[in-house]
Amino acid sequence: MKIIDMHTHVFPQYAGLAVEVMDRCGIESSVTLEWHDGFGDSLRRHLDIFNAHPDRFTVFGNVNFKEIDEPHFGAKAARQMHKDVAAGMKGIKIYKALGLDYRHPDGTFWQIDDPRLDPIWAAAGELGIPVLIHTADPISFWEPVNDQNFWNGVLYGEYAWWTYYRKGYPCPEELLGERNNVIARHPKTIFIAPHIGSKSDCLDWAADDLDAFPNLYYDISARIPIMGKNARWARHSREFLIEYQDRILFGTDMIYDDTNVPTGLQAQALYQPFEIPLDGADPVQRYIETSCRFFQSHLDFLCTDTVQTSPPFKRTHQGITITGLNLPADVCDKILCTTFQRLMNRVPTTA
Ligand SMILES: [Zn+2]
């Protein structure tokens, strides 16, 4: 089975490490999403490093949001996108900072659907590159962080800054509505909304957007724990993935960076203290091992009916099970590989 992991964050210095994990896991190629500086000279430097591993990486760049308050920002970013695509950029990654971080000088948030940003979305359509746009987060991020919070494993401790609870942020409905306005206004641009479009809390709700926007795709990264939360959720997730098999992409959100590799635990994995594999071994070897186990958890979820007990998944401190979906082989094949290939081989439409 051919596998493309279309959602990873590989810092260039760890390209070799990522290839080692990919080889061990049978991942043919990975999309690496640049970390805010994926444009211009730094993008070119990074492309040189990733391209030294032919056919293993697809690089999605960024626009320079540091200039968001400058006049004609949208048009300037669009011009830069044309140059970056000529250099080898294959898509654009927009972080959730649009909606939750970028502010006008008066302190108010930039709206995702601000018309001044339209040249960016239009340019992606003209260039035939997808926009991977992360907007908002699960509802739990706006709720009190306690033992009942489904995502408490990512909202405690070092990640406490991820919670939006009572901090005056826009509500998720508002942010997702703004995102949908953008998708509706740019029907010739392909949008990939990661993490089930931030609507994994209710797949019926997630389905509405796929029905409304033929130019919208989802990736499943970082949402396997909730999709396989118990037998009932797994049944519903299975029906959803079969119904939308041509609109769903496989990604893990694996991270290879300076903050996490030295810890020896794949950034997206959460282990109970007594379950850490290769405890005491060289951090890099443990990073490979924990990344491979994290990846395998995804395959078991999609392709088998195994109930994983305490899978290494960043979600909760209470420990979880993930119920496998045992999807038909042809559906697995589409999600793991061919839908993404089809999407990337589209002929650009003249906008
Ligand atoms: Zn990510």
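Values quoted throughout were computed directly from the atomic coordinates according to the rules given, and no laboratory measurement underlies them. Everything numeric in this text was worked out from a predicted model, so none of it was measured. Every residue, glycine among them, receives a Cβ derived from its backbone with ideal geometry; neighbour counts consider all protein chains shown.
Please list, in order along region 45-53, the HN-Hα scalar couplings obtained from phi with the Karplus expression 6.51 cos²θ - 1.76 cosθ + 1.60 (θ = phi - 60°), rounded to whole Hz, x for Gly and Pro.
With the stated coefficients, region 45-53 comes to 4, 5, 4, 4, 5, 5, 6, 5, 10 Hz.
When the Cα centres of region 286-346 and region 147-222 are compared, how far apart do they sit, in Å?
Computed from Cα coordinates, the inter-centre distance equals 20 Å.
Using Cα-Cα distances under 8 Å and only pairs 6 or more residues apart, what relative contact order does region 241-295 have, in percent? Present the calculation step by step, with values, prior to reporting the outcome.
On the way: 49 pairs, mean separation 18.6, N = 55.
Taking the mean separation of contacting Cα pairs over the length of region 241-295, I get 34 percent.
Counting only residues 5 or more places away or on other chains, whose amide H sits under 5 Å from the amide H of residue 324 once H atoms are built in the peptide plane?
The list, which skips near neighbours in sequence, is 306, 307, 308.
Can you tell me how much longer the chain between residue 66 and residue 41 gets when fully stretched, taken as 0.36 nm per residue apart minus their C-alpha distance, in nm with one decimal?
Numbers: separation 25, 0.36 × 25 = 9.00 nm, distance 1.54 nm.
Residue separation times 0.36 nm, minus the Cα-Cα distance, leaves 7.5 nm.
Report for the chain the percent antiparallel among DSSP-assigned beta bridges with both residues inside it, nearest 5.
Here the antiparallel bridges make up roughly 15 percent for the chain.
To the nearest 500 deg cm²/dmol, what mean residue ellipticity at 222 nm is calculated for the chain from DSSP H runs of n ≥ 4 alone, each contributing -39,500 (n - 2.57), summed and divided by the residues?
On the way: 13 runs with 129 residues, N = 351.
Theoretical 222 nm ellipticity from helices: -11000 deg cm²/dmol.
Amide H neighbours of residue 249 under 5 Å, at least 5 residues apart or on other chains, H built in the peptide plane: list them.
Close amide H contacts, sequence-distant or interchain: 218, 219, 220.
Order by neighbour count: 247, 235, 223, fewest other Cβ atoms within 10 Å first, most last.
Ordered from fewest to most neighbouring Cβ atoms within 10 Å, 247, 235, 223 come out as 235, 247, 223.
Shape of region 212-351 from its Cα gyration tensor (a ≥ b ≥ c, root eigenvalues): rounded if a/c is under 1.5, otherwise prolate when a/b > b/c, or oblate? Present the calculation step by step, with values, prior to reporting the outcome.
Values: a/c = 2.47, a/b = 1.47, b/c = 1.68.
It is oblate, given that a/c is not under 1.5 and a/b is not larger than b/c.
Can you grab the distance from the C-alpha centre of region 252-282 to the C-alpha centre of region 24-61, Å, no decimals?
Cα centres, region 252-282 to region 24-61: 22 Å.
If I model a spin label at residue 326 and residue 278 as a point 7 Å from the Cα along the Cα→Cβ vector, what separation in nanometres do I get?
Using points 7 Å along Cα→Cβ, the separation is 3.3 nm.
Can you work out the Karplus-derived ³J(HN,Hα) for every residue in region 34-44? Use 6.51 cos²θ - 1.76 cosθ + 1.60 with θ = phi - 60°, whole Hz, and x for glycine or proline.
Calculated HN-Hα couplings, in order: 5, 9, 6, 10, x, 7, x, 4, 5, 4, 4 Hz.
Let me know the charge dipole size of the chain about its Cα centre in debye, to the nearest 20, where only the beta-carbon of Lys, Arg (+1) and Asp, Glu (-1) is charged.
Dipole of the chain, to the nearest 20 debye: 380 debye.
Using a simple charge model, +1 on the beta-carbon of Lys and Arg, -1 on the beta-carbon of Asp and Glu, nothing else, what dipole does region 151-230 show about its Cα centre, in debye to the nearest 20?
Numbers: 8 positive and 10 negative charges, 38 e Å.
The dipole magnitude comes to about 180 debye.
I'd like the trypsin sites (Lys or Arg not before Pro) in region 120-207 restricted to DSSP loop residues with at most 16 other Cβ atoms within 10 Å, sorted by number. Can you show the working numbers first?
Values: sites: 166, 167, 179, 185, 188, 199; in loops: 166, 167, 188, 199.
Those that pass, being in a loop and sparsely packed, are 166, 167, 188.
Compute the distance in nm between two label points, each set 7 Å from the Cα along the Cα-to-Cβ direction, one at residue 231 and one at residue 171.
That separation, rounded to one decimal, is 3.6 nm.
For Cα pairs less than 8 Å apart in space and 6+ apart in sequence, what is the mean separation divided by the residue count of the chain, i.e. the relative contact order in percent?
On the way: 654 pairs, mean separation 63.1, N = 351.
Over the chain, the number comes to 18 percent.
Over region 184-246, what is the mean sequence separation of C-alpha contacts under 8 Å (at least six apart), divided by residue count, expressed as relative contact order in percent? All intermediate terms of the calculation are to be shown ahead of the outcome.
Working: 59 pairs, mean separation 21.6, N = 63.
Value for region 184-246: 34 percent.
Helix 283-303 against the longest principal axis of the chain: what's the angle in degrees, Cα atoms only, rounded to the nearest 10?
With both axes taken from Cα atoms, the answer is about 90 degrees.
Given the pairs 93/188; 90/188; 2/229, which are separated by over 21 angstrom at their Cα positions? Mind dumping the intermediate values first?
Details: 93/188 17 Å; 90/188 16 Å; 2/229 27 Å.
Violating the 21 Å limit, Cα to Cα: 2/229.
In whole Hz, what ³J(HN,Hα) sequence does region 71-87 give by Karplus (6.51, -1.76, 1.60; θ = phi - 60°), x for Gly and Pro?
Result, rounded to whole Hz: x, 6, 3, x, 5, 5, 4, 5, 4, 4, 4, 4, 5, 5, 5, 4, 7.
Run through region 57-88 and list the trypsin sites (Lys or Arg not before Pro) located in a DSSP loop whose Cβ has at most 14 other Cβ atoms within 10 Å. Numbers along the way, then the final one.
Details: sites: 66, 76, 79, 83; in loops: none.
Sparse-neighbourhood loop trypsin sites (Lys or Arg not before Pro): none present.
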